[in-house]
Amino acid sequence: MQNKASFTVRRLAVTGLLAALVFIFSWIQIPIGQIARIHLGNVFCALSGLLFGPFTGGLASGFGSMLFDLTNPAYIAECWITFITKFFIGFLAGLIAGRGQKQGPGRDVLGAAVGSAAYVALYLVKSFIVMTIEGQAQGAIVTQLYTKGATSLTNAVMAVIASVLLARALRPALRRAGILPLDSGRSAKG
C-alpha cells in the first residue's frame, strides 16, 4: 500500500504543471500603481489544492509564485517569503476541501476562502513588517496597506469564485482520465 504523502513521478509532474499554471496566470495582471496588482495566479493556487490536496496544492502554489518573483527584480529578494505565504493558499484549500466524506461546492468554497484569507493576512503582516523596517512614515504605511489589502481581497474573491467553478468543471474529466482517484482523496479511508 502506497503512502498518500509519498512523492511519485506522477505527483511531481502534476505539481510542476500546476506550478507552471500559477506562474503563467500570475503574469495576467492589472497593476495598481507601483505597490499592488490584480492577477489570476491565486485562482490556480486555490485550484491546485482543491483538485490535488494540501501538499501538491501547497507546493504548486509556492513554487509557481516564487518563480514569478524570481523573474521580477522588484520581488526577487522576497521570493522565499512568497513561497511560504502562497503555499498556504493551496495547502489550506486542499486540507479543508479534502476533509470528510461529503463532497460538494460548500467544502470547496470554504477551503478556497480560508486559504485565500490566510494569504491576505500573511501578506499584509509581511508588508507591514517590511515597510516598518524600511523606515516608511506611518501615513504611507497605512495608505499602502489599504491599497494592498483592497487588491489582495479582490484577488481572493476572484480566486474563490473561479477556482471553485473550475474544480467543479475539471474533476469529472480528470477522474475519467485517471488523473484524480474516484474519491479525490476525500474519503475517510487511510
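The values are calculated or read from the model by the stated rules, or taken from the named source; none is laboratory data. Because the structure is a prediction, the values reported are computed rather than measured. Here Cβ is always computed from backbone atoms with ideal geometry, including for glycine, and neighbour counts include all displayed protein chains.
Could you list, in sequence order, all residues of segment 53-66 that are in contact (Cβ under 8 Å) with a residue 24 or more places away in the chain and either in a helix (DSSP H, G or I) or in contact with a Lys or Arg (Cβ under 7 Å, 6 or more places away or on another chain) (or both)?
Within segment 53-66, Pro54, Phe55, Thr56, Gly57, Gly58, Leu59, Ala60, Ser61, Gly62, Phe63, Gly64, Ser65 meet the criteria.
Out of curiosity, is Lys148 at negative phi, basic (Lys, Arg) and surrounded by fewer than 19 Cβ atoms within 10 Å (Cβ to Cβ)?
no
Conditions first: (1) under 23 Å from Ile30 (Cβ atoms); (2) surrounded by 17 or more Cβ atoms within 10 Å (Cβ to Cβ); (3) among the hydrophobic types (A, V, I, L, M, F, W, C); (4) at pLDDT below 95. Ala97 passes all but one, so which condition is the exception?
Unmet for Ala97, out of (1) under 23 Å from Ile30 (Cβ atoms); (2) surrounded by 17 or more Cβ atoms within 10 Å (Cβ to Cβ); (3) among the hydrophobic types (A, V, I, L, M, F, W, C); (4) at pLDDT below 95: (1).
Mind listing whichever residues of segment 67-83 are farther than 18 Å from Gly94 by Cβ, in a helix (DSSP H, G or I) and not small (Gly, Ala, Ser)?
Within segment 67-83, Leu67, Phe68, Asp69, Leu70, Ile76, Glu78, Cys79, Trp80, Ile81, Thr82 qualify.
Looking for whichever is within 10 Å of the chain's Cα centre (by Cα), farther than 14 Å from Ala162 by Cβ and either surrounded by fewer than 16 Cβ atoms within 10 Å (Cβ to Cβ) or of a type outside the set (Asp, Glu) (or both) here; the options are Gly41, Gly58, Gly33. Which one fits?
Working: Gly41 fails: farther than 14 Å from Ala162 by Cβ; Gly33 fails: within 10 Å of the chain's Cα centre (by Cα).
Result of the check over Gly41, Gly58, Gly33: Gly58.
Within segment 27-36, can you find the residues that are more than 25 Å from Arg168 (Cα to Cα) and at pLDDT 90 or above?
Ile30, Pro31
Out of the residues in segment 1-26 that are touching a Phe, Trp or Tyr at 6+ places or on another chain (Cβ under 7 Å) and closer than 18 Å to Pro73 by Cα, which is modelled with the lowest pLDDT?
Per the criteria, the residue is Ser26.
If you go through segment 133-145 one residue at a time, how many are assigned to a loop (DSSP other than H, G, I, E, B) and either touching an Asp or Glu at 6+ places or on another chain (Cβ under 8 Å) or surrounded by 10 or more Cβ atoms within 10 Å (Cβ to Cβ) (or both)?
Number satisfying all stated conditions: 1.
Looking only at segment 25-51, filter to residues that are free of Cβ contacts under 8 Å to residues at least 24 places away in the same chain and not in a strand (DSSP E or B); which one of those is farthest from Met66 (Cα to Cα)?
Once the filter is applied, the top-ranked residue is Gln34.
Any idea which residue in segment 155-190 is surrounded by the fewest Cβ atoms within 10 Å (Cβ to Cβ), counting only those that are modelled with pLDDT under 95 and hydroxyl-bearing (Ser, Thr, Tyr)?
Top of the filtered list is Ser187.
Which of the residues belonging to segment 72-94 are of a type in the set (Val, Ile, Thr) and in contact with a Phe, Trp or Tyr (Cβ under 8 Å, 6 or more places away or on another chain)? Explain how you work it out, then say what you get.
Step one: of segment 72-94, the residues of a type in the set (Val, Ile, Thr) are 76, 81-82, 84-85, 89.
Correct list: Thr82, Thr85, Ile89.
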